Structures are given as structure tokens and as C-alpha cells.
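Working notes, structure below.
Derivation of every value follows stated rules applied to the coordinates shown; laboratory data play no part. Please read these numbers as outputs of a predicted model, since none were measured by experiment. Here the Cβ is made from the backbone with ideal geometry for all residues, glycine too, and neighbour counts use every protein chain on show.
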Amino acid sequence: PTGLYISDITSCSATFHWKATTPGSNYTVYYKISTSTVWAGNIQVRKDTSYSATGLLPATKYTFAVTAKCTDGSVSSKQRISATTAFCSLPDQVSIEGLNSNSAKITVAASCSYDSLRVRYNSSGASPTTVSFAVADSYIVSGLSSNSTYLFQVSTCPASFNLWTDMDTLQLSTPPNIIFILLDDSRSDYFSCNGAPRFFQTPNIDRIANEGVNFKKSFVVTSLCQPSRASIATGLFTLKTGVTENGIPLDSSFTTIPKVLNNNGYYTALIGKNHDIFLQGKQPEFNYYMVFDHYVNNKGQKFDYNGTLKSINKDYVLTLTDSAIRLVKSVNDPLFIWLAYVVPHYPQWPLASFVGRYDNFKIPWKPDTAKFDVNFPSFIYKDGEELYGETLDTTYRNVLEDIAGLDSCIGELYKALESSGKLDNTLLIFTSDNGFMMGSHQLNGKTHAYEPSMRIPLFIRYPEWFIPSSTVNDQFALNLDLTPTIYEAAQVDYQGSLDGVSLKKLYDGSFSRKEFYYLMLHNPNSISPVKRAIRDSHFKYIHYTCNPDTVEELFDMKNDSLELTNLINNSNYAAIANVYRLKYDSIRIAWNDTVAGPIKNCYIQNPFVLKQIFEDAEETPLEPVVYPTITDGSIEIYIPWAFALARLYDNFGKQVGEWQITDEFTQILLPDLSDGIYYMNISHAGLSTTEKLIIHAF
């Protein structure tokens, strides 16, 4: 072979080249340290005319040789050339990534080993800063200035060589301002963008959704003020925070959003309702706070203002909004505000200009304002929280007035963000701590596993992430997701535990959630048992800790979104119910939910199987029906009349029971009778029918 030469010499490699000789020749390569007598090699490279040797020593002279084996089998003599490897080599690749507004990660890929990695960097016009550390393939530079441009170089050579890679440039962005607007007991459908009555409009709140994203399937994992707020503040499930009901402060040892953001350069502010979530430790996690001390009325609020009690004779929603606007205009970026209104919690305090505005509008109530009449938990109408009729109308109008006043305040906040030039660099989140029943199934309150109670509004504006007028309809967003969303937007590399995911991932499809777990614990003095639910895109399964019976509900959310029909006693859904029972057991284990009680004496009330049978058959009988005809002591009676008389006779014709029937469907608990054959006679205005019954203790 002829034309030998060496290229691509580094401190650990070199490439040996030669020209081909006789066509069809095969080549063998040899190399060694020049002072050695031992060749490393006998490397068959077939018809190639180059070979790259790796694993060489730095600053060392090597001799390379090649022989050719011709087609006739003869082998040429070794043709030799020498070259010395470099003293050191710079990395093959360098990448620089901004982790947040104050730090960057430099990562190198190097073919040759090195003793230390050195980094030098500087902003425009400044003297370079050099750092050196042991062997590693990455280094995080911290203490940088946001919204600045930095020049970076790296070296894997000794300092005396003064060899550096070419300049790399990194522009550090300013993290967004974050304004987190949290309502109190707001249903998802209180807003015109989410299906409020046509006569009611919330243009400023809608604007957040219209200029950002509306998460249509947004829920809380516990529908009660303090537990939900604790989960939002920490990103942790209810059982992990320990705040399982109102009246339990969040322990100051928990890492919360304001603590993290404050440590990452944010000016943090708390305005409005605290509810014992923050300010529990000796050092406030906020640079500024103005929280309710107690309520007097809407014009006589007392506030804890940075540790000093302050009275402000003004509508409280205006006071909170004015405080937020003042911070927007005066505080340098980045700014975080936890802005917690008490709207529309009872009692509502609407601004005077909105009082009575909706009195003359008829409220278009949905079918779910009817009371459950069959297959419902026995305790839900026993706690005095029913809401219906004129009281419901009045309460709902008060809520609309309250929200309308808030909407005007959100408009003023928008103006401040626009005039200050901060709007498009602000993550604006609008949501609620839980929903509210507001007369659905004639129920009041919020501690139910039904949709109005656990579903919340969630609108986010942030042009960096979300295309205007976006909606997410096919994913479940949770209050647990708000914390990781805020951390990602703030460019915080949070290493602690979180139970949610950034909503950006739900939006862009990089994460999918098709079901979630709900838990509502109650004080032992409450009449309510523990409520647990599994909600997915098709069904909702609810389980209650009742004794002696297992009390469950199953709703087909695709075909019965108002949760009108509990399918748990429908035999057609028995297999589906079993699937969800198994899923319920596994999810409880996954969440380490070992809470046993309180266990209450409750049951499924009016479990009318007959009514379900008739509905499934889409046919109503013209004569009375008794079900079942073989029983251990309880039966149902259907009558096609307004009233009837039911008499029970034993096999000898002796009457052993009598009942006045005034409802279409009636449950009857039979007297304590011995096993045997009986006859139930049902009569009305001269009409009579008799059914044979077998009573047997199973």
C-alpha cells in the first residue's frame, strides 16, 4: 500500500489511511507505541482503506502499519507511518440548557477521558467566571441573572493549555408572573363560557378561557374548602397533607407553592382567604399578605395586614382586587399572587350595583333539581341541607349577583396587567376550591361525590403554552395538578413528591388521565359516612362506609350526566358494578387509603327494583304487581291506581297484615311470620287481585 497518512488525531484516537493497491486486495492493520516491540493488532479490515484506532494514550507516539494480501495469496511487507497523539482533547459536543431564570445546565459528550471539566462564562462586558470540578459530564451553573445573555465555554484540558471550545450563547428568560385566582364553593357552570343561563354573562372571567384554555373536566379529590386548599398548596393527596376536614391547619413542615417560589426569586403575596393553610410557621412564606381576620359584613372587613390588624370600610372584593392591582403595578417581575376570594360562598355579599339585577329572569332549572326517589343513600336528606323552591331561586340569584361583581373586578385586574405590559408574561389561573350542589337532587352543600360538588371551573391564560380558545374535553384535570403546573411555568426544578402533573402535559397530550379517585372524610359526629368514588369517562362508582349494608351508587356518566339513575340494583349492570368494585379495591391500595371510618348506620333507601324493571322494559302494567313472590320478609308493591288496600292472609285464610297503599311504588316490611305460603290481596274500588307469596328465611 502507498499514500499513508494520519488524520483526526486526538488524545485518545487517530485515523490511519492508505491508497488501494491491486484491485481485490484485503488489508491488515497493525499499530503500537513506537518504543514498543509488540504490535497491537492483526486487525482484518478487508477492502477498507482506513482504520480508526481508539483507546490510545495522550501525548504518545504511535506507529501504524498496513499489509495487503493480493488475490494470488501473496502478502506485502508492512508499510509504516508514525504520529503523536494530542496532549488533551476538547469535548465532541457541548449543550447548554436554561433550567430556570437563574441557572443553566452544561452537558458534554467526550470520546476521550479527562481529569476535570472546566466551565467559564460571563454576561456581556463582564469578566469571565471559571469553575472547575472532578470528572463529570454535566455541570449546573447557578446564581445567574434572569433576562440576561451569557457566553459559555468549556474545557477538558489542563488549565495551562488554555484550550476552550467555541463560544456558546444562552439567553435566560424571565419566568412569568403567576396570579392564582381561587374562588370559594364555585360550581363549574356558574360562568357563561361553561353553560350558565343565557341571561347571565361573565365576559371578563370568560376572557381567561377565551384567550387561553378551558379544562372542561376539572375536579377536586376532596370537595371541602380546607382539604382542597391544602392539596393545591402542596400538590399532595388529602391523606398525605393530613388536612382531611375543615378545622385542621396545614402543618408548617410541608413544602408549599409560596415557599418554593420565594426561594426561586419570586415576590410572593397572599390576598384574601387563608383558611389556616399558610402563615403557620414562625417565618411567613410571603413577602406580603393581607388575609381575613374575620367577617363583619361586606363593608367592614378586618385584615391581618403583614402582621398588623387593619380595618377597611369597603366591599371586600374591591379591597382584594385593589391590593392585587397595586402589587401588579409596583412589584418587579417575577410576582406570585395567591388571590383567594370568598365568592360565591354563603352568605353572598354582592356589590351594590348588582343587587336585584336578575330578579326578573326565570331560572332554567335542569331535571336534576328533582329529589331522588329511589335507590339513594338513606342519610343524604337527613342533615338539613335540602335546597329547593323559592329558597333555591333566591340563593341562586344571590350567587349570580356575587359572581357578576367579581367579574367586574377581574376586568379591572386585566386592565392593570395590560397597562403594565405584564399580561402576556403572566400565568393567569382561575379556579375554585370545590363545587356546590345548589339544589341538584334538592341538595345543598359540597361534601357529596356528585358532579356539582366535585367539579370545578379551571381556566388558564398563558400564551407561551396555550393557543387561545383551547378546550380540553377528554382528560381529567385535578386540583392536584395546579402545583406542578405552577412549578413548571416558574422554571423550578422541584425534586419533592407531587401527586399531580403539569396541566401543560394534559394539554399537549404528553400525559393522559382517564380516571381519578375521590375521598371525602367526615367528622365522627357527622351523620355522613366516608364517601369514596372512582370517576372515569364512562361510569362513576361511589362507595359509602355503611353498616350493616354495603351502600353503593353507579352512574352511567355518558348517558346520564345529571346522575339521575343509580344503576347499582340493575341486574343488567351487575358485571360492570363488579368491575368497579375490584377497581375500587386496587385504587384504595394504590393511594394507601386505610381509613376505616366513621362507619354509619345507613342503607340504600327505596331500592325499588320494580320501577327499574318497568323502565328497562319500557312498559307499565295495568294491574298491581307484587315483587318478589319468594321473600325473606320484604316486598315491593306496584299499583296502577291512586290508592289501594293490601291485605296479607296465611294459608288458612287468616288475615295477618294490612296496609294502606298511596304511592305508585311502595316497600313493605312484612311482620315476623313463620315460613310458608301466604296470599297478598290488593283491592281498589271493587277491583281486586291476589298474588301468592312464599316466605322463607334464606
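Under a straight-distance cross-link criterion of Cα-Cα below 17 Å, which aspartates and glutamates are reachable from LYS61, leaving out those fewer than 8 residues away in the same chain?
Within the straight-line limit of under 17 Å, LYS61 reaches these aspartates and glutamates: ASP8.
Just subtract the alpha-carbon distance of ALA574 and ILE599 from 0.36 nm times their residue separation and send over the number in nm, one decimal. The partial results should precede the final answer.
On the way: separation 25, 0.36 × 25 = 9.00 nm, distance 2.48 nm.
My answer for the length gained is 6.5 nm.
Which value in nm describes the separation of the simple spin-label points at LEU57 and VAL45, placed 7 Å from the Cα toward the beta carbon?
So the two model labels end up 2.3 nm from each other.
Of the peptides 399-408, 171-180, 619-628, 34-43, how do they stack up when ordered by the mean number of other Cβ atoms within 10 Å, highest first?
So the peptides 399-408, 171-180, 619-628, 34-43, ranked by packing, come out 399-408, 171-180, 619-628, 34-43.
Take the alpha carbon atoms of region 613-695, find their radius of gyration, then divide it by 2.2 N^0.38 Å using N residues; give the quotient.
Relative to the 2.2 N^0.38 Å estimate, region 613-695 comes out at 1.06.
Send over the semi-axes of the chain's equivalent ellipsoid, whole angstrom and largest first, taken as the square roots of 5 times the C-alpha gyration tensor eigenvalues. Intermediate results must be reported in sequence, preceding the final value.
Working: eigenvalues 1000, 306, 83 Å².
In descending order, the three semi-axes are 71, 39, 20 Å.
Can you list, by residue number, the Cys in the chain that have no neighbouring cysteine C-beta under 4.7 Å?
Those would be CYS70, CYS193, CYS225, CYS409, since no other cysteine Cβ in the chain comes under 4.7 Å of theirs.
Among GLU386, GLU664, what is the fewest-to-most ranking by other Cβ atoms within 10 Å? Mind showing how you got there, number by number?
Numbers: GLU386 19, GLU664 16.
Result, fewest neighbours first: GLU664, GLU386.
Using 0.36 nm per residue, how much length does the chain from LYS78 to ASP474 gain when fully extended, once their Cα-Cα distance is taken away? Can you show the working numbers first?
Numbers: separation 396, 0.36 × 396 = 142.56 nm, distance 7.10 nm.
Once the chain is fully extended between LYS78 and ASP474, it gains 135.5 nm.
Could you tell me how far the Cα centroid of region 198-221 sits from the Cα centroid of region 249-272, in Å?
Each part reduced to its Cα centre gives a spacing of 26 Å.
Using the per-residue mean of other Cβ atoms lying within 10 Å as a proxy for protection, in what order, highest first, do the peptides 72-81, 153-162 fall?
Working: 72-81: 12.0, 153-162: 15.7.
Most protected by this proxy first, the peptides run 153-162, 72-81.
Can you give the net charge of the other residues whose Cβ lies under 11 Å from the Cβ of LEU498, counting K and R as +1 and D and E as -1? Don't jump to the answer; show the numbers that get you there.
Numbers: positive: LYS240; negative: ASP481, GLU488, ASP499.
Residues near LEU498 contribute -2 overall.
What ranking do 253-266, 557-570 get when scored by the average of other Cβ atoms within 10 Å per residue, highest first?
In descending order of packing, they fall as 253-266, 557-570.
Using alpha carbons only, how many degrees (0 to 90, rounded to 10) separate the axis of helix 225-234 from the longest principal axis of the chain?
Roughly 10 degrees between the two axes.
For the chain, find the longest principal axis of its Cα atoms and tell me its angle to the long axis of helix 316-330, 0 to 90°, nearest 10.
Its long axis makes an angle of about 10 degrees.
Angle check, please: helix 574-590 long axis (alpha carbons) against the longest principal axis of the chain (alpha carbons), in degrees 0 to 90, nearest 10.
With rounding to tens, the tilt is 50 degrees.
Mind giving me the nanometre distance, one decimal, between the label points for ASN592 and ARG357, set 7 Å out from Cα along Cα→Cβ?
4.8
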